[in-house]
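No value in this document is a laboratory result; all are computed from the given coordinates. No experiment lies behind these values; they were computed from the predicted model shown. Cβ: placed from backbone, ideal geometry, glycine included. Neighbour counts: every protein chain shown.
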Amino acid sequence: MLATLDSADVLSPEQQARLQHLLEHERTELVGQISDLESELESLAQQEGPIEVQFDDESGEGAGVNVDADRDRSLLAQLRFQAVEVDEALARLEAGTYGFCEDCGQPIAPERLEAIPTARSCVRCKTGGLLARAGRR
Ligand SMILES: [Zn+2]
């Protein structure tokens, strides 16, 4: 049972189950953080408006709200991006294509997946791809 072909490079069912659990947990966390941020942004939006008139105030108080909103918006964008990555990783698990490189089709090293459960490509393609992109410029 243990000694199947190339078993070292392919995820065991146990590893897959653990990663799936990890991804599902991360998804729940992300969904919670996203909805927290959304309601925070909504309340910030309600505070905006009249406050902006104080922009020329030396204290800079008026700008505070907008800076917060900007920071929240960029954080929200990051979280949404991560949530999509997690969703797609879970979809790949469903489809049975999880753990294989999207570029070369080879299995992604289990250690890499343990470190980055949403990884889509193997280290070789990832670094090779980045180098190739940098070289094209
Ligand atoms: Zn690859």
Under Karplus coefficients 6.51, -1.76 and 1.60, residue-wise ³J(HN,Hα) of segment 96-102 in Hz, glycine/proline x: x, 9, 5, x, 10, 5, 6
Placed amide H near Phe100: partners under 5 Å, 5+ positions off or other chain: Ile108
Cα→Cβ-extended label distance, 7 Å offset, between Glu38 and Asn66, nm: 2.6
Residue-wise HN-Hα coupling along segment 74-90, computed from phi with Karplus coefficients 6.51, -1.76, 1.60 (Hz; x: Gly, Pro): 6, 5, 4, 4, 5, 5, 5, 4, 4, 4, 5, 4, 5, 4, 5, 5, 5
